[in-house]
Every structure is written in C-alpha cells, then in structure tokens.
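J.: Pasting a structure below so you can have a look.
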Amino acid sequence: MKKVLMPLLIVLLLALLPYIGVQYAGLSYLFGVIIPYTAFAVLTFGFLLRLVDWIRRPVPFRIPTTCGQEKSLDWIKHNRFENPSHSWEVVVRMLLEVLFFRSLFRNTKAELHKDANLAYGSHKWLWLGGLVFHWSFLVIVLRHSRFFFVMIPGFAEFITHVDSFFEITLPAFYTTDALILAAITFLVVRRLTDAKMRLISLQTDYFPLFLIAAIVVVGVLLRYVVRLNIMPVKDQMLRLVNFSFDAPGEIGALFYVHLFLVSVLALYFPFSKLMHAGAIFLSPTRNLCNNSRQKRHVNPWNADIKFRTYSEYEDDYREKMKKANLPVEKE
Amino acid sequence: MMNEQRREFIKKTALGVFAGLGVASGLVPAFSLEKTALPVWDEKPVPGKIRWGMVIDTRQCKEGCQQCVTACHHEHNVPAFKNRKEEIRWIWKNSYKNVFPTATNSAVSKEIQNRSFLSLCNHCADSPCTQICPTGATFKRWDGIVEIDYHRCVGCRFCIPACPYGSLSFNWQDPRTAIVDPVTAYPTREQGVVEKCNFCSDRLVKGLLPACVDACPEQAFTFGDMNDPVSDIRVVLESNVTMQRKPELGTKPSVFYII
Amino acid sequence: MIEKALKGNRSYWIWIVFLVTLVASGLSAYYQQRWFGLTVTGMGREASFGIYTAQLTFLLGVAASAVMVVFSFSLRRQKELAKTVIIALFMAVSAALMSMLFVVADMGKPDRVLNIIFFPNPRSLVFWDLLLLSGYLATSLISGWAMLGAEHKGVPPSAWVTSVMYLSIPLAFGIATISAVLYAGLPGINLWLTAVLAIRFIASALAAGMALLILVTLMLKETTGFDAGKEAREKLAMVATYAGIANVLLLGVQFITTTYSNLPWMWFSLIIGVVSVTILLLPALRKSQLLFVGACTALVLSVWVDKSAGLMIGGELVPAPLGSIVAYAPTSTELFVVVGIWSLGTMLFTALLKVVVAVKVDNEG
Amino acid sequence: MEVMMKSSKFILMVAVAALSLFAVLNVFRNGEAETSQKPLPSVSAIDSTKCIAPASFMRANHMQVLHAWEKSVVREGDRVHIAANGSRFQKSLGTCLGCHNNRLFCFNCHSYANVKPKCWNCHLSPMETP
C-alpha cells in the first residue's frame, strides 16, 4: 500500500508547496518565473542528453520480431509492417507504434474457465486507455497554445473548436478534459485491481499518474470552478515564452499549483520512465530493419581483422597441394 | 512599465481584425442597447396567476393593411426571407379556409371568404409543441405563454408538425443575412433553431402591449389577462361570440376570433 | 477480436475503401450543411421532415426487428437460429447507429445534442425514443460482442451476457411502439393520425428486417462460405411472410381511408409488397433461389418506399398545418449525407460480420 | 470565418443605414397620440451607475451571472437581480452594456485571451450596433 500512498502524499505535498508559498510567503516570482525556467531548461537539456547518450550506444543486432513473417522466399508471404525489410516499412511500423500503440493492440488475456479450460481472449483495454490518455494529453497541450501565442495558431484553434464542440458548460466544456480524467482513472484502477499488476507496479509507476491527474484536476478547477482571471496568466505566459524575467501580476495561488506541478513534471521527465516519449523512437525492436538475410551487418565495434580467404590460402600452397594430389580450384 | 506597453501592444495586435471598428468606437462612445430599467414584475411571478389571451376582431381587419405584421417582424428581428421554403413568420395574414379548415360552418358569406384572418401562435393551454420537445426548449411559461428557449433548442423540428396551426418556423440558414433593419432591444436568432410568436413577452415586462396590438390602426385586437374577471379581454369575450382555431383538437388556444 | 476485421482479402479491402470514399463524400456534404445550415437540403417551411427522417424511420424498424431472432432463440429456444443471433444483433447495432446519425444529421444545432440528456423532457416521446434507441444500441453491441468473445474462447457466455440480451427485447418493442405513437400523435399531419400506424410500424419493420437478414446470410454464404443454415432462413422467411401479409393488409386498408391512393409511389410499394409476399408464401415459387432473393429484396424495397416516400414525404404532401402543398425533393447534398451515413453503417456492419465469420471459421477449422 | 465576417459587416452596414431611417421615422412616431389600452403598470427607471458586484467577482463570474440570468429570466420569469447592497437591476445583457459602453469592452479581453463565446450569435454585439 505504501507504493500507492507515498506518491499520492508526495503529489499532495508538492501541490501544497506553491499554494502556501504564494498565498502566505509571496513567492510568486519563485514559482512563476524561476522554477518554470529551471524546469524547462532541465527538461530540454535532460531530454537531449538522455537521447544523445542512448543514440551513442551501439546496437549489436538486428532483432527480428516474432509476430510476423520475415522476408524470405518469394512464395512465402512477407509481413511488411511487423518485420520490415525496407526503411520506409520501418517508418510505417514506427508510426503505427507511436500514433496507434500497435503493440498494445495485440494484448491478450488468459482466463481459466470452469473445466480447467484455459482460454485466451483479446484484451484491448490498456490499448484503449493508453490511446485515449495520450491523445487527450496532446490535444490539451495544443489547446494551451492560446496562452503562449498572441494569435492562436490555426490548427490549434481548430482543435479547440472540435474539442469544445458540445455545448454543455460555461466556460465551454472540453471533451478531452473528461476523457483524460477517465483514462487516468482507468490506468490507476488497472494497476490496483489486478494482483499481478499490483505486484509489479512501483512508486515510479504511480507517481507520474498521480502527478498528471493532479495537474488535470487543478486545471479543471481553475477553468470551471475557480474561474481564474486569465488576463494576467496570459501576460505571464507571454513573458515566459519571450524569456522575460519580469515579475508576474496578480494571479490566484491555485494557478501556481498548476504551473508548479507542470514544472515538476518537466523536471521529473528526463529522469523517469516518462522518457519513453523519446525512447520509443530508439527501441531496437521497432526502429531497425529486419533484413539480416539480405544484408550483412557488421558490429561497429569489431576490430578490423584481416581475414584470409580460401583462394589466398590456395595461392600460397597450390604447388604443395598439387604434389600431395589434393584438388585445387585454379590450375 | 515595459510590460504595460507590451501588453497594450499585444492587445492591439490581437485586435487587428477589429482595428477599423476600434477607431470608430472612439467617435461613438455609447451605443443604444436596452435602457436599464426595472421590469413591471418586480417579484418572481406566480405560475398560473395570469393567463394572457388575445381577441382579434376580424371585422376590423382591413384588406391590404400589414401594419401589425410589419411592426411585429421589425420589433423581433424576424428575417425577411422571400422564398417560401425558408420564410419565417410570427404573424401573418391568411384566408378563412386556411385558418378555420375544420370549421363546421362551411357556407360562409363571400365577404368572410375574402376577409383576411391573422395567424399567429395560439399559446395553447394544452400545447402539443411543448409536449413533443425533447429538451423542454419549447415550454409553457407561468403566464400561459408558450415560449421558445433559443439557448436550448437543438433544432430537431419535431414541434413543427406537432403544431396544428403551422405557427413555428425554422432557421434554415443564418437569419442575420435577411434582417433588414435590426433592432438592438431584442436578439436575433441563430441558424438551426425554431422560432415563433412570443406574445411579446419582451414588451409585456416593460408594461407595453404586444407590438401587433399597438400597431393596429383599427384597434382590432384586445389583449389581456384572461384570469382577471374585470379585464378588457374578459369583457370582450363575454359580450361576443368568438371562435378558436381547430377547437376539436383540444389544444385550448388563447387566441380568439370574432367573425 | 476487432483485429480480425483488419485482415482481409483484396475484395474485402476494395469494398472497405469504396465505403470509406462514400463516407468521406458524405462528411464533406455534411460539412457544407453544418456551415450553411439546413437550407442546403430540400426541406423547407412546409416539408420540415425529409429523407433523413425517412431513413431514421426505416432503420428504427430494421434495428428493432432484429430482436425477433433474439427473442425466438433465447426465449423460445429455437436452436436453428443459433448462427443468426449474433448477425441479427450486429444488424441491430449498425441500424441503430445509423438511426442516431440520421437524428444528428437532421438537427439544426447538433452541438446541443446533449441537451436531450441534460434537460430531458419526460413528457416527450422523442426523448424516450432516443433514450431507448441508445440503450438498445448498447445492449445489442455489448451482448453480441460478449457472446462472440465467448465463442472465440470456446467457453459458454457468462450469465450477465444473457441478461443484457434479454434487456434488449423490451427496448426493441419500446422503440417500435414509441416511434409509431410519436408519428401518429403529431396533430400537424392528418395522414399519420391513425391507430393502425403503430401496428403497421411493427409489421413492416419485422417484414423488412427479416428479409434483410435473409439477404445478409445469403450474401455471407456467397462471399465467405459461412452459412447460417437453410432452416434458419426458412424460419426468418416465415416471420417475414406473416409480417408482410399483415403489413400489406393494413396498408391496403389505409388506401381506402386516407389519401395514399393519390401517391404513385405508394401504389408501387403496395404492388411489390403483395408480389413479394405471394412468392414467399407459395412453396413452388419460393424454392427458386432467384425468386426467393428477388422476393426478399422487393419486400425490403416495399417497406423502404412506404416508410420514406409514403409516410414522410407523402405525409407532408397532404399536409395540414397551412393547408398548402409543397412538394419535397432531396438535394444532392442531402443525398450525399444519406449515402455517407448508410456507408458508415454498412462499413461497421461489414467489419462486425468479418469478425463473426473469422471467429466462426476459426472455431470450425 | 470569411462568411461570418462578411455577414457581420453586412449587418453593420445595414444597421448604420437603417439607423438614420429609424431616427427619421421615430420623429413622426413620437408625434402620434397613445391610443391603445393600458392594462399594465409602467416601468420604473433605476440607477445603474454601480455594478451588480465587485469587478474581481465579475471578472471571474460574468459568464455564470449572464447564464444564470438567462435561465431565470427565460424559464422562471424572474427578471430582477437584487445585488448584495439591496439595489435592484434588470437581468439583461443591456444592463451590463448600458454601463460598460465602450465598444471594445468585451472584445479587448476576449480576443487577447482567445476566448470565443457564442453570445453574439443571437444578441447583437456592440460591434454591430450603431
């Protein structure tokens, strides 16, 4: 239980910190300027460093995945996107993975039925929950561009328009707000209900979920319940994107909770499992062509060995071989 | 200080679209929306206490006169779509045959056959349109007026065939393109909602009579509270033989006709 | 299981791509309608219902009729229908989805569609109709999918699946009855003001729905080799025939009492209805595959014409509110939207059937 | 977007043209005697130089206030807003705009914050009024 409660407690404390800091200690400059800049500097450099580090690690083998037929003889059907042999096929596999989480789509679940009947059925809930979560997150981030640009970019405006299609609340209700909360709830509940999942879940699995949930909840509160005055918020965000170090105006303390939790997320990002965002592009089972049968791959760290071929060997010993009545290829 | 300037600058850039109008706004500081005044009902109204009704003395209605129609349609920003398909009507003139298609007396005089009869929402006591509306956007008010909540209407249009008097019109397109002379005191409607006569509930709260009643040069209308035993309308109803449209449907219209 | 719909042969994908193209053209037509308003349709002041509502009425019936198979199989234990139950449920799902899309396509302000849930008017039959329809869509999809999943795993379906399936039975009867009462109770249109309408709704829905189901099973047999069984088709044909007889009788009665006899389309509907019922009734004629298929198609067509041309467009051709007649003809935008929604429904149905066939073939193979 | 801009400009033009006509017509109307029946009491003018609530509250809640007004006026017929200090206001968009009569009052903030409410789909906006 500690695995769940600790991260929850940490998130609550983290949320309390800026609230007290701004409300009672007047630290709005710290939470509104210094911490956001620091966090995003850490995010940018940390992310790049991690990626560069990973890119520089040599990858030994082409790893053929087993879920599709590798390209072989002409009359055996080749599964292009499971086992690509061209780089464009790899790109498609990568995109299917990044955009549609294809490997989760394959999930199955074993069920033991009455008469010791073991049955496998497809189990796509994680796929669905993950997909909803990530896409909603993306839409929400794009929607926030209205704070960072004087004129909102066209596509972001279109996304906002679609997201707030249903006329329900004032201010306009965003469908993704509801979707992401539902998805996070599912993802947490999934780890808690299944004994196997409970066993393998660690604090670092719960913490980002709780952190993001807290960010969303505070954001929803700011928009629909507290209804913060967003004019100084936009001022402050425009200052941040213009690298200005001016002090923020009068903004409610709850906004700093939102901003601080986002900063924590950014700070935490390069050091955590969240790096899968960048790492997915580097996973060798996804981003390499499985064309070992068509092309010779040499490990880059191999020493430059001088190989001696049979023809060289024969050249050296031809006369001796002839004398010994051994067959030779060249006369 | 820099900040304030930048903020101002940013605001102005963002308002580029309105720049031209912004200059104009400096010249005209105030604009003429509704005057701020308290309505005649200071308290929350009691449901059922009032029931508005109207008597139309068709003998007074003059051929070719359109003053009530014009006044109503102007007052409520009713778009003037000319084609029959998209026409929007709150009050309009019609023939005897169309207004009373089920009247038992079919052998009426030539004069009556040629006379114009005003059609408008009957604000029925038992209104089929409010019963069919899935969201309650068309609803019965505390004072008997059948009102449409334009903020709630989903535009499903089931109320249109539900009304036996054809009183409802649908905004097949943006009505604003066809409003000749918009008034600021009353909103327009938007594309995709249903609209109809509101018995001038907007004027009643200001202590005014409905626009058609006011506009009629012949005083053919009598308007008032039918629950009030000393009101004009009760006097007129009690001293005249009146007709309702399609009474056999049991909708109990609040609009009466003196033939 | 849905991944089985992502694997198919060339003709399957050609069919899907064809449908996707139609859906896309429907979407672009709908975008036009959303932008300029319903003025782009042929509907107008006097004809406030058009081809959208006509499709809705027809599809409501098709959706509700599928319950007959569920009912006969689960309550009356008719085992020969076992292979058609899931197909019927999925037909209901597709038809119900199309119905809902037609409701939305017909709305002036679809962005406020949730007002129906947030501000429900319990006195409104429209509200109840839409509520039951969404419930029916959910129960059919959940029970059909869960049954298929159990079959895929080779285990009997859980108890809750059966209860959800039972729940769909009253929902379906509710949809058919409420829609009929809804139309019959519109005082603005005299033609519909008849008690026969409710019974005819159910009869015509059953006739068209069962005939359509027969055609679907035959199509599956031709294209995939999966055969629901001749006995099942016989059973369905029997229901379709009796319902068809009831429908043409009631329709004929209405020719006497209302102005249907003025409408050439309704004569067409009546005649092909009578012909198809006759073919289905006589064993000698029914034996011929060609005549059987023709009769089923004609029965579906007869009901479709009756529901759209007769009930909707005809209903307003003889209207009442203003005592004037305005002929309604759908515009091309409207037709594209209709084709788009039908294609979307067909695509869903195809995908669901693909899964059904794949599961059944897997299990048999 | 273009169509909308066009239509709103069109309305503006029409409105400006109409205003002059309206003004001329009004001169004649005022001359006419009031002949109709007067069954209803008349309205009383009120002092609306003060806002219904402090600016900070209004900044956060103006949409809720307007929404609540719209609901209670349309559905319940309750047209009078009683402020905390007891002063009474008519629940109307016009009550707000009568005081805040700078044309850009709404648009300043709303365009800066990229918030696009749907009020002006029906209500004529200060931009469209003469």
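All of the numbers you see were taken from the coordinates with simple rules; none came from a lab. Keep in mind it's a predicted model, so treat the numbers as computed, not measured. Methodologically, a virtual Cβ is constructed for each residue, glycine included, from the backbone with ideal geometry; neighbour enumeration extends over all protein chains shown.
J.: Could you state the principal axis extents of the C-alpha atoms in the range C:1-148, from the largest down, to the nearest angstrom?
T.: 51, 46, 27
J.: Here's a follow-up. Grab chain C and count how many Lys pairs have their alpha-carbon atoms under 13 Å apart, sequence gap of 8 or more, or different chains.
T.: 14
J.: Still on this model: For the pair C:ASP362/A:VAL225, report the inter-label distance in nm, with labels modelled 7 Å from Cα in the Cβ direction.
T.: About 4.5 nm, to one decimal.
J.: Now a separate question. Given Cβ point charges of +1 (Lys, Arg) and -1 (Asp, Glu) and nothing else, what value in debye, to the nearest 20, does the dipole of the range B:52-258 about its Cα centre take? Mind dumping the intermediate values first?
T.: Details: 23 positive and 22 negative charges, 127 e Å.
Computed charge dipole of the range B:52-258: roughly 600 debye.
J.: With a ≥ b ≥ c taken as the square roots of the eigenvalues of the C-alpha gyration tensor of the range B:120-259, please select rounded if a/c is under 1.5 and otherwise prolate if a/b is larger than b/c or oblate if it is not? If you can, show how the numbers build up before the last one.
T.: Numbers: a/c = 1.97, a/b = 1.35, b/c = 1.46.
Because a/c hits 1.5 or more and a/b fails to exceed b/c, the range B:120-259 counts as oblate.
J.: Moving on. What fraction of the Cα pairs in the range A:1-155, stated in percent, has a spacing above 26 angstrom?
T.: Numbers: 7326 of 11935 pairs.
Cα-Cα pairs in the range A:1-155 separated by more than 26 Å: 61 percent.
J.: What is the Cα centroid distance between the range C:40-89 and the range A:194-243, reported in whole angstrom?
T.: 45 Å
J.: Quick one: angle between helix C:196-224 and the longest Cα principal axis of chain C, in degrees between 0 and 90, rounded to 10, please.
T.: The two axes meet at around 40 degrees.
J.: With r defined as the distance between the Cβ atoms of D:ASN85 and C:ALA138 and R0 fixed at 45 Å, what FRET efficiency is calculated, to the nearest 0.05? Show your work: numbers first, answer last.
T.: Working: r = 52 Å, r/R0 = 1.16.
The computed FRET efficiency comes out at 0.30.
J.: The range A:296-331: which trypsin sites (Lys or Arg not before Pro) are DSSP loop and have at most 14 other beta-carbon atoms within 10 angstrom? Intermediate values should be presented prior to the final figure.
T.: Working: sites: A:ARG296, A:LYS306, A:ARG308, A:ARG318, A:LYS320, A:LYS322, A:LYS323, A:LYS330; in loops: A:ARG296, A:LYS306, A:ARG308, A:LYS330.
Passing sites in the range A:296-331 are A:ARG296, A:LYS306, A:ARG308, A:LYS330.
J.: Which of the three applies to chain A, rounded, prolate or oblate, going by the alpha-carbon gyration tensor with a ≥ b ≥ c and a/c under 1.5 meaning rounded? Don't jump to the answer; show the numbers that get you there.
T.: Numbers: a/c = 2.64, a/b = 1.98, b/c = 1.33.
It comes out prolate by the Cα gyration axes.
J.: Ok, one more. Please check: in the Gaussian network model of chain A (C-alpha springs, under 10 Å), which one of A:ALA110, A:ALA279, A:ALA183 has the largest mean-square fluctuation.
T.: Largest GNM mean-square fluctuation: A:ALA110.
J.: If neighbour count is taken as other Cβ atoms inside 10 Å, put A:LYS71, B:LYS82, A:LYS124, C:LYS230 in order from fewest to most.
T.: Working: A:LYS71 22, B:LYS82 7, A:LYS124 18, C:LYS230 11.
With the fewest neighbours first, A:LYS71, B:LYS82, A:LYS124, C:LYS230 line up as B:LYS82, C:LYS230, A:LYS124, A:LYS71.
J.: Sticking with this one: Please list, in chain and number order, the residues 5+ apart from B:TRP52 or on another chain whose amide H is under 5 Å from its amide H, with Hs placed from the backbone.
T.: B:ILE145, B:MET226
J.: Which of the DSSP-defined H helices in chain A satisfy a minimum axial length of 24 Å, computed from C-alpha atoms, and a minimum mean Kyte-Doolittle hydropathy of -1.0? Please report the intermediate quantities before stating the final value.
T.: Numbers: long enough: A:2-23 (31 Å, 1.80); A:35-56 (31 Å, 1.20); A:125-143 (26 Å, 1.56); A:175-193 (27 Å, 1.34); A:203-220 (25 Å, 1.76).
Taking the DSSP H segments of chain A (at least 24 Å long, mean hydropathy at least -1.0), we get A:2-23, A:35-56, A:125-143, A:175-193, A:203-220.
J.: Can you give me the Cα centroid spacing of the range B:61-133 and the range D:92-130 in angstrom?
T.: 36 Å
J.: Under 27 Å between alpha carbons: how many lysine pairs meet that in the range B:45-177, if sequence neighbours fewer than 8 apart on the same chain are excluded?
T.: 12
J.: Could you give the semi-axes, largest first, of the ellipsoid that matches chain C, computed as the square roots of 5 times the alpha carbon gyration tensor eigenvalues and rounded to whole Å? Show your work: numbers first, answer last.
T.: Numbers: eigenvalues 206, 122, 82 Å².
Each semi-axis is the square root of five times an eigenvalue, giving 32, 25, 20 Å.
J.: Using a Gaussian network for chain A with springs between C-alpha atoms less than 10 Å apart, which of these wobbles most: A:PHE61, A:PHE100, A:PHE137?
T.: Between A:PHE61, A:PHE100, A:PHE137, it is A:PHE61 that shows the largest mean-square fluctuation.
J.: Can you give the helix-only mean residue ellipticity at 222 nm for chain C, where every DSSP H stretch with n ≥ 4 adds -39500 (n - 2.57) and the sum goes over all residues, rounded to the nearest 500 deg cm²/dmol? Before the final figure, lay out the partial values.
T.: Values: 13 runs with 262 residues, N = 365.
So the helix-based figure for chain C works out to -24500 deg cm²/dmol.
J.: Before anything else, pin down the relative contact order of chain A: Cα pairs under 8 Å, at least 6 apart, normalised by residue count, whole percent. Could the numbers behind the result be given before it?
T.: On the way: 330 pairs, mean separation 101.8, N = 331.
Dividing the mean separation by the residue count of chain A yields 31 percent.
J.: Where in the range B:58-151 are there GluC sites (Glu not before Pro) that are in a DSSP coil and have at most 13 other Cβ atoms within 10 angstrom of their Cβ? Spell out each step's value before the answer.
T.: Details: sites: B:GLU63, B:GLU75, B:GLU86, B:GLU87, B:GLU111, B:GLU147; in loops: B:GLU63, B:GLU86, B:GLU87.
Passing both the DSSP loop test and the Cβ count: B:GLU63.
J.: OK, next. In whole angstrom, how long is each semi-axis of the equivalent ellipsoid of the protein assembly as shown, when you take the square root of 5 times every eigenvalue of its Cα gyration tensor and sort them from largest down? Display every interim value, and only then the final one.
T.: Working: eigenvalues 739, 428, 121 Å².
That gives 61, 46, 25 Å for the three semi-axes.
J.: Next up: About the Cα centre, and with charges only on the beta carbon of Lys, Arg (+1) and Asp, Glu (-1), how big is the dipole of the protein assembly as shown? Nearest 20 debye, please. Could the numbers behind the result be given before it?
T.: Working: 105 positive and 76 negative charges, 481 e Å.
Dipole size: approximately 2320 debye.
J.: With contacts defined as alpha carbon pairs under 8 Å and 6 or more residues apart, what's the relative contact order of the range A:45-176 in percent? Working shown, then result.
T.: Details: 103 pairs, mean separation 13.3, N = 132.
Once divided by the residue count of the range A:45-176, the mean separation gives 10 percent.
J.: Find the eigenvalues of the gyration tensor of the Cα atoms of the range A:258-327, then list the square roots of 5 times those eigenvalues as equivalent ellipsoid semi-axes, largest first, in whole angstrom. Walk me through the numbers on the way to the answer.
T.: Numbers: eigenvalues 712, 35, 7 Å².
The equivalent ellipsoid of the range A:258-327 has semi-axes of 60, 13, 6 Å.
J.: Continuing with this model, one more query. Per the Debye formula with a single identical scatterer at each Cα and no solvent contribution, what log10 I(q)/I(0) holds for the range A:189-331 at q = 0.09, 0.15, 0.17 Å⁻¹?
T.: Debye intensities relative to I(0), on a log10 scale: -0.61, -1.00, -1.09.
J.: For chain C, take the longest principal axis of its alpha carbons; what is the angle in degrees between that and the long axis of helix C:264-281, to the nearest 10 within 0 to 90?
T.: 30 degrees
J.: A further question follows. What lysines could a cross-link reach from A:LYS234, if we take a straight Cα to Cα line under 26 Å and drop same-chain neighbours fewer than 8 places away?
T.: B:LYS11, B:LYS12, D:LYS116, D:LYS118
J.: Right, here's the next one. Using a simple charge model, +1 on the beta-carbon of Lys and Arg, -1 on the beta-carbon of Asp and Glu, nothing else, what dipole does the range B:174-259 show about its Cα centre, in debye to the nearest 20? Kindly include the intermediate steps, with their values, before the conclusion.
T.: On the way: 9 positive and 12 negative charges, 42 e Å.
Charge dipole, the range B:174-259, about its Cα centre: 200 debye, nearest 20.
J.: With springs only between Cα atoms under 10 Å, which of A:ASP74, A:ASP315, A:ASP246 fluctuates most in a Gaussian network model of chain A?
T.: A:ASP315
J.: A follow-up question, please. Which FRET efficiency value, to the nearest 0.05, do you get for B:GLN66 and A:VAL162 by plugging their Cβ-Cβ distance into 1/(1 + (r/R0)^6) with R0 = 45 Å?
T.: Numbers: r = 45 Å, r/R0 = 1.01.
FRET efficiency, B:GLN66 to A:VAL162: 0.50.
J.: Counting only helical runs of four or more DSSP H residues, what would the 222 nm mean residue ellipticity of chain A come to if each run contributes -39,500 (n - 2.57) and the total is spread over all its residues?
T.: About -18000 deg cm²/dmol.
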